[in-house]
Amino acid sequence: MILLIIADILLAFGITCVFTDRILFSLVYSLILPLAMFSFRTFEEEYISEPSEQLIRTTMSAAFAVMFAVLIYSFINIRPSFRKMAFSVFVSVFVISLLNSLVSKVIRKYTKPKKYLVIGKKKEISHVLDEITEKSRGKCLFVDYINPSPEALKEKIRAHENVLVANYEIYEHVESLLENSRVKVEYLSELAEKVLKRIPLEVIDRFKEYYELEFQKAKESPAKRIVDMFGAIVGSVISCPLVLFFAIWIMIEDGRPVLFKQLRVGKNGKYFKFIKLRSLKEGGFDPNNPNGTISTRLLKVGKIIRPLRIDELPQFWLVLKGEMSLVGPRPEMVEYHRAYSNKIPYYNYRLKLKPGIAGWAQINYRHTTTLEEYKRKTEYDLYYIKNRSTILDLKIILQTIEAVFWKRGAK
């Protein structure tokens, strides 16, 4: 993948340089393009092999890269030829999309799937393993299972190079046999996280001691607070005109109040006053089903600001106050918190960190209303709690752009 990204950079630079004869524009464009492609998930497995997806996502990435390049040119008071620039970008988008799609298909064709011998009972975990197989696009196959008998393992281990531990109690009975063999041992907890990008609740049940220790380690870092402060200040300054414009629109359409205020659940279960631009009519709120009346209460302005997440911009103020973070699990409504906190195992671990404006669940899952959907969202939140890092935070911030364009997690 690294080599493919480097090839994309060189192609973008070479093509734009040849057609525009502008080295600075070509350099800025070629360096920003892969970053924008990452933001739009262009290199992800489910999109990279599809030519149509590649073309759409690369085109949007190129548009962002061009805007940055033109912005830099405007500072130095140089205007590149629009015709040459547009043609070079068009050619680079087509060539890069085609290259990425072809390379991905060749790699998939000649990459052998990883076949696992599973330590665990098939009927208990088959649905998780089936999802891993589907999500990995056939790269992970689970071809055999064993029972607790060491004799059974001795026979089967000769035919396999990879063993997946899905039941630790069984694994303890046969661990010594595996240590003396050449097989590669992996744990279901690691594989599920790597492929699914979430932690299924039943997997936590199987590796409970490990996960409880990992969740206990979660804490806010000084670096995260510095990034929050910087991002909130920049975000507030940039978004101020936009917030003011839509605040006036809300007032004209439906009067006051302009801001929607509501108690939400924050870090360690502490309540705080959540704010955003009001996108719904005041009346008709149902506390037993807060999301159930959204479609009937939606303002005209709400049809714009909700999908584009513009209504969330006032939350930069909450980040400055220290009640929220730029990235974290979304703050839950008190009604849903009370309804589901005791019904979803490990739910309270998602409260270990400050809630965020952007979140891992929001870029990977849809809007939630039912108990089963909230369980799935919690699995994504727990993945973030366990794996939080500055790099992951930056990834979420970048890919939130893609979530907005594809209306992921919005309603």
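At-a-glance table
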{"read-out": "Calculated [θ] (222 nm, deg cm²/dmol) that DSSP helices of n ≥ 4 give over the chain, each run adding -39,500 (n - 2.57)", "value": "-19000 deg cm²/dmol"}
{"read-out": "Segment 231-273 shape via C-alpha gyration tensor axes, a/c threshold 1.5", "value": "oblate"}
{"read-out": "Percent RCO, i.e. relative contact order, over segment 30-177, from Cα pairs under 8 Å lying at least 6 residues apart", "value": "21"}
{"read-out": "Surrounding net charge for N100, when Lys and Arg each add one and Asp and Glu each subtract one, Cβ distance under 14 Å", "value": "-2"}
{"read-out": "Distance from segment 88-128 to segment 139-214 (C-alpha centre basis), Å", "value": "23"}
{"read-out": "The chain: relative contact order in percent, alpha carbon pairs under 8 Å with at least 6 residues between", "value": "13"}
{"read-out": "Accessible-area composition of the chain, carbon plus sulfur, in percent [1.4 Å probe]", "value": "61"}
{"read-out": "Given K267/K375; K197/K300; K122/K217, the pairs whose alpha carbons are separated by over 25 Å", "value": "K197/K300; K122/K217"}
{"read-out": "In nm, spacing of pseudo-spin labels at L3 and A86 (7 Å Cα→C-beta vector)", "value": "3.8"}
{"read-out": "Hz values of 3J(HN,Hα) by residue in segment 239-249 - Karplus curve (6.51, -1.76, 1.60), Gly and Pro given as x", "value": "8, 3, x, 5, 4, 4, 4, 6, 5, 5, 4"}
{"read-out": "Cα gyration tensor shape for the chain, rounded if a/c is under 1.5, else prolate or oblate", "value": "oblate"}
{"read-out": "Built amide H within the under 5 Å cut-off of N162, gap 5+", "value": "L117, K184"}
{"read-out": "Global form of segment 278-405, assessed from the alpha-carbon gyration tensor, a/c cut-off 1.5", "value": "oblate"}
{"read-out": "FRET efficiency, 1/(1 + (r/R0)^6) with R0 35 Å, evaluated for E372 and E44 via beta carbons", "value": "0.90"}
{"read-out": "In sequence order, calculated HN-Hα J values of segment 367-374 (Karplus, 6.51, -1.76, 1.60; Hz; x Gly/Pro)", "value": "5, 10, 9, 9, 4, 5, 5, 5"}
{"read-out": "DSSP beta bridges in the chain [antiparallel fraction, %, rounded to 5]", "value": "40"}
{"read-out": "Inter-site label distance for R297 and I72 at 7 Å from Cα along Cβ, in nm", "value": "4.7"}
{"read-out": "Aspartates and glutamates whose Cα lies under 20 Å from that of K154, excluding same-chain neighbours fewer than 8 positions away", "value": "D144, E169, E172, E175, E179, E186"}
{"read-out": "Accessible area in square angstrom per residue, the chain, 1.4 angstrom probe", "value": "52"}
{"read-out": "Most positive-pole-ward Cα, F230, P200, Q362, against dipole of the chain from beta carbon charges", "value": "F230"}
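The values are calculated or read from the model by the stated rules, or taken from the named source; none is laboratory data. On a predicted model such as this, the values are computed, not experimentally measured, just so you know. No Cβ is skipped: glycine too gets one built from the backbone with ideal geometry, and neighbour counts run over all protein chains shown. Heavy atoms of the whole protein, side chains included, go into the accessibility calculation; ligands, DNA and RNA do not. Shrake-Rupley method; radii C 1.70, N 1.55, O 1.52, S 1.80 Å.
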